[in-house]
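Input: a single structure, listed below in structure tokens.
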Amino acid sequence: MRNKKITAEKFRGLLHDGMCIMFGGFMGVGTPEYLVAEIIRSGVKELTLIGNDTAFVDKGIGPLISSGQVKRVVASHIGTNPETGKKMISNELDVQLVPQGTLAEQIRAGGAGLGGFLTQTGLGTVVEENKQTVLVEGEKWLLERPLRADLAILLAKTADEAGNLTYDLTARNFNPVMALAADIVVAEVSSIEPLGSVFPEQVVTPGALVDYLVMEEAQ
């Protein structure tokens, strides 16, 4: 069995300018902050981020927004992070706001290999602009396209050596669905347990979806 645990240095080696990164978390809860710090440390730039929100200036994905390494954000809201708003207004950052349920389903569709899905959320608003609509039995629906990323960074509570993941309560949020929708999946974990120590019914994200595991290194 391949050892999935890697160092922060190896993680930084996976990064490159212009890549698209999905990050788990809801207002910072469930966001792998150690991995975020390593992305900042790497110096990669022109990044696209996909996640529920941009958390706070000093929490979650917020420090990466402040670092100036991000060119585009796809999120359901940005109101808790004033730095995101400032950068958007000054045209330093392209922000695409997506209804939260639509965003989750776009990610799920990307992981499932679907061409898109139909929803009525956003009809008659700016959400509809430049998007295809479809008539189904006389009703108008909006076609939303799937989302995928080069990399997904997740925060889990525990992993076993095969990469099977468990989560801590609501920190689960967007993490499991993102594990399906990225070319490379890296999970930040608090502990890595021997194979067989995580009961199958406790596994939320199967190890088959997880490429690498990272634990915070002592400074």
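The values are calculated or read from the model by the stated rules, or taken from the named source; none is laboratory data. Remember, it's a predicted structure, so these values are computed and weren't measured experimentally. Reconstructed Cβ throughout: ideal geometry from the backbone, glycine too, with neighbour counts over all protein chains shown. The area values use the complete protein model at the heavy-atom level, side chains included, leaving out ligands, DNA and RNA. Shrake-Rupley method; radii C 1.70, N 1.55, O 1.52, S 1.80 Å.
Across region 156-181, what is the total count of residues that are among the aliphatic types (A, V, I, L, M) and farther than 14 Å from GLY207 by Cα? Summing the residues that are among the aliphatic types (A, V, I, L, M) and farther than 14 Å from GLY207 by Cα in region 156-181 gives 3. A Cβ distance below 6 Å, combined with a sequence gap of six or more or placement on separate chains, defines the contacts here; from region 2-30, residues that are at positive phi reach residues that are assigned to a helix (DSSP H, G or I) and not small (Gly, Ala, Ser) in the pairs GLY30/ASN175.
The residues on offer are GLY111, GLY115, GLY122, and the sole one that is touching a helix residue (DSSP H, G or I) at 6+ places or on another chain (Cβ under 9 Å) and at positive phi is GLY122. Filter region 93-115 for residues that are in contact with a Pro (Cβ under 7 Å, 6 or more places away or on another chain) and crowded, with 17+ Cβ neighbours inside 10 Å; which is farthest from PRO206 (Cα to Cα)? The selected residue is GLN106.
Of the numbered criteria (1) assigned to a loop (DSSP other than H, G, I, E, B); (2) in contact (Cβ under 8 Å) with a residue 40 or more places away in the chain, the one LEU114 fails is (2).
Just so you know, in region 1-47 the residues that are open to solvent by less than 10 Å² (accessible area, probe 1.4 Å) and part of a helix (DSSP H, G or I) include one that is farthest from THR158 (Cα to Cα), and it is ILE39. The set of residues from region 197-207 being under 18 Å from the mean Cα position of the chain (by Cα) and hydrophobic (A, V, I, L, M, F, W, C) comprises just one member, VAL204.
Find the residue count for region 57-77, including only residues that are in contact with a strand residue (DSSP E or B) (Cβ under 7 Å, 6 or more places away or on another chain) and either over 21 Å from GLN100 (Cβ atoms) or of a type in the set (Asp, Glu) (or both). Outline the logic, then answer.
We begin by selecting, within region 57-77, every residue in contact with a strand residue (DSSP E or B) (Cβ under 7 Å, 6 or more places away or on another chain); these are 61-62, 64, 69-77.
From what is left, the residues that are either over 21 Å from GLN100 (Cβ atoms) or of a type in the set (Asp, Glu) (or both) are 69, 71.
Selection size over region 57-77: 2.
Only one of the listed residues (GLU144, GLU188, GLU161) is crowded, with 18+ Cβ neighbours inside 10 Å, among the acidic types (Asp, Glu) and under 14 Å from GLY30 (Cα atoms). That residue is GLU188.
State which residue is farthest from GLU38 (Cα to Cα) when the search covers only region 147-158 and only residues that are open to solvent by 10 Å² or more (accessible area, probe 1.4 Å) and not in a loop (DSSP other than H, G, I, E, B). Spell out the reasoning first.
Let us first name the residues in region 147-158 that are open to solvent by 10 Å² or more (accessible area, probe 1.4 Å), namely 147-148, 150, 155, 157-158.
Those left that are additionally not in a loop (DSSP other than H, G, I, E, B): 150, 155, 158.
Working: ASP150: 17, LEU155: 14, THR158: 20 Å.
Step by step, filter region 147-158, then rank; the result is THR158.
What about SER90, is it within 14 Å of the chain's Cα centre (by Cα), more than 26 Å from GLY13 (Cα to Cα), among the polar types (S, T, N, Q) and open to solvent by 10 Å² or more (accessible area, probe 1.4 Å)? Break it down stepwise before answering.
Numbers: within 14 Å of the chain's Cα centre (by Cα): no; more than 26 Å from GLY13 (Cα to Cα): yes; among the polar types (S, T, N, Q): yes; open to solvent by 10 Å² or more (accessible area, probe 1.4 Å): yes.
In short, no.
State yes or no: is VAL36 in contact with a Leu (Cβ under 8 Å, 6 or more places away or on another chain) and on the phi < 0 side of the Ramachandran plot? Here the answer is yes, as VAL36 does meet what is asked.
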